[in-house]
Amino acid sequence: MNETPMRARAVVDLAALRANVRVLRALAPKAQLMAVVKANAYGHGMVPCARAARRAGAAWIGTALPTEALALRAAGDRGRLLCWLWTPGGPFREAVEADVDISVSGLWALEEVLAAVRAAGRPARVQLKIDTGLGRNGCTPGDWEKLVAAAREAELGGALRVTGVWSHFACADEPGHPSIRAQLDVFRDAVAYAEAQGLAPEVRHIANSPATLTLPETHFDLVRTGVAVYGISPSPEIGTPADFGLRPVMTLTASLASVKRVPGGLGVSYGHQYTTPGETTLALVPLGYADGIPRAASGTGEVLIGGRRRRIAGRVAMDQFVVDLGDDTAEPGDEAVLFGPGDRGEPTAEDWGRATGTIGYEVITRITRRVPRVYVGVEDENDENAAPAEPGAAG
Ligand SMILES: *Cc1c(COP(=O)(O)O)cnc(C)c1O
């Protein structure tokens with residue numbers, strides 16, 4: 001990768017992504033798998049990741065935003081696709097026309113879906129979401145009867161089909177947390193009630209990545225895996241990716257922009273938060289918070305340069321940060337590895353999360369579009385739905 005003439009690159013290993021999807025499918029053998037590709041596939045690039053996940057057998061793709069779901073359709077994705085974060089105005093009609101499964105958490109959304117059905121002249125697919133205890137989106141148990149009744153009436157009238165009943169966990173990344181069992185009880189009751197009212201959802205689902213990895217009794221008909229698809233662990237309590245046979249998909253690297261010998265006592269970067277302890281060599285890494293490098297990594301984040309881990313010296317700026325190499329030698333253009341699978345001794349996204357007071361999810365997702373994504377492992381002869389190769393980089 002070193003010969004690629006680029007300031008920085010996020011190398012996205014689609015072979016690793018496909019392998020992760022297969023690992024997750026094997027962990028939930030009776031369920032279908034939904035690959036969650038919201039937020040530009042957690043920073044990895046939505047369209048190539050969705051395509052790779054489909055090739056590895058993901059029957060479903062999940063997005064938060066309607067714009068994400070419609071962009072996937074525009075890119076040619078034709079499989080089952082659930083979208084869950086709606087606001088008034090949708091656009092529901094476009095979603096109905098694009099054959100998106102629409103999550104509905106309340107009567108206002110059901111009414112907008114029914115208006116969209118009339119405008120589109122075709123029925124909708126709807127999945128009813130119950131808030132079983134996350135306290136975020138979803139219908140409260142108290143309003144569930146009304147929502148189920150309205151959806152059933154619309155279904156009997158031919159306007160829609162209820163394809164799913166679903167929910168989301170609050171604490172699945174904390175094994176043994178009492179809320180897990182409590183949410184499962186509410187979920188089972190909500191499903192039983194909906195079915196007793198005549199609904200026949202194809203898929204009942206509540207499991208995210210941590211539940212998929214550690215709680216088989218939560219798998220039901222479908223598991224919605226996000227972070228694990230990208231080879232990142234949901235939490236240290238769950239384990240490392242390697243514990244499950246998962247492999248991090250993104251490797252973030254940069255080419256050193258400057259290497260210089262400086263005297264001791266030199267203040268480094270804004271605010272002079274770091275002072276060279278003696279004569280030393282400073283390397284300049286051309287990535288900063290405009291690229292998604294947390295400013296909180298100032299003085300704490302680590303990168304691999306020349307086979308050694310080095311800590312960030314002083315503040316992370318908008319475009320760049322400095323690393324003190326001591327008496328090691330390096331050249332402009334040498335590679336700095338910020339995070340990756342860890343094979344070469346580089347930090348992982350989870351390491352960056354620990355260093356900056358956040359989680360691996362945020363570390364990968366916040367890498368901005370300023371950093372070109374370079375796709376490797378695009379094609380694989382063993383793929384179940386192999387398609388022509390599409391090598392190369394995309395912005
Ligand atoms: C993001 C999200 C997921 C995926 O969560 P992971 O922990 O990344 O697996 C699943 N379901 C919903 C509703 C989500 O918002």
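The values are calculated or read from the model by the stated rules, or taken from the named source; none is laboratory data. On a predicted model such as this, the values are computed, not experimentally measured, just so you know. Heads up, the Cβs are rebuilt from the backbone with ideal geometry, glycines too, and the neighbour counts pull from every protein chain shown. Remember, those area values only see protein heavy atoms, side chains included, never the ligands or the DNA or RNA. Shrake-Rupley method; radii C 1.70, N 1.55, O 1.52, S 1.80 Å.
A few remarks follow.
- Working note: Karplus 6.51/-1.76/1.60 with θ = phi - 60° gives the range 53-69 the couplings 5, 4, 4, 8, x, 6, 6, 10, 10, x, 10, 7, 8, x, 4, 5, 4 Hz, where Gly and Pro are set to x.
- Pairs of lysines in the chain whose Cα atoms sit within less than 26 Å of one another amount to 4, provided the residues are eight or more positions apart or on different chains.
- The distance linking the range 74-150 with the range 1-56 is 26 Å (Cα centroid to Cα centroid, whole angstrom).
- For D131, nonlocal amide neighbours, meaning residues 5 or more places apart or on other chains whose placed amide H falls under 5 Å from its own, are C139, T140.
- The length gained by stretching the chain between E379 and D328 to full extension, at 0.36 nm per residue less their Cα-Cα distance, is 14.5 nm.
- Net lengthening on full extension, L107/R73 (0.36 nm per residue, minus Cα-Cα): 9.6 nm
- The mean accessible area for residues of the range 6-102, using a 1.4 Å probe and ignoring ligands and nucleic acids, is 32 Å² per residue.
- Each peptide in 253-259, 240-246 was scored by the mean count of other Cβ atoms within 10 Å over its residues; highest first, the order is 253-259, 240-246.
- Residue-span extension gain [H177 to T358] - 0.36 nm each, minus C-alpha spacing: 63.1 nm
- Only Lys, Arg (+1) and Asp, Glu (-1) charged, at Cβ; the chain dipole about Cα centre in debye: 480 debye
- Evaluating 6.51 cos²θ - 1.76 cosθ + 1.60 at θ = phi - 60° for every residue in the range 274-286, the Karplus couplings come out as 10, 10, 4, x, x, 4, 7, 10, 9, 10, 9, 9, x Hz, glycine and proline recorded as x.
- Taking 1.306 mPa s as the viscosity and 10 °C as the temperature, the Stokes-Einstein diffusion coefficient of the chain based on its alpha-carbon Kirkwood radius rounds to 71 µm²/s.
- Within the chain, helix-based [θ] at 222 nm, where runs of 4 or more DSSP H residues each add -39,500 (n - 2.57), nearest 500: -8000 deg cm²/dmol
- If you wrap the tightest convex hull around every Cα atom of the range 252-326 and split its volume per residue, you get 78 Å³.
- Nitroxide proxy distance, nm - points 7 Å out along Cα→Cβ at L85 and A242: 3.3 nm
- Just so you know, the averaged projected area of the alpha carbon convex hull for the range 14-229 sits at 10.8 nm².
- Taking the average, over residues, of other Cβ atoms within 10 Å as the packing measure, peptides 170-181, 365-376 rank 365-376, 170-181 from highest down.
- What the phi angles of the range 327-333 give under the Karplus curve with 6.51, -1.76 and 1.60, with θ = phi - 60°, is a coupling list of 9, 5, 9, 7, 10, x, x Hz, glycine and proline written as x.
- When only the Cβ of Lys, Arg, Asp and Glu is charged (+1, +1, -1, -1), the dipole of the range 1-140 relative to its Cα centre reaches about 480 debye.
- Per-peptide average of other Cβ atoms within 10 Å, ordering 67-76, 324-333, 220-229 highest first: 220-229, 67-76, 324-333
- Split the accessible area of the chain by element, probe 1.4 Å, and carbon with sulfur accounts for 53%.
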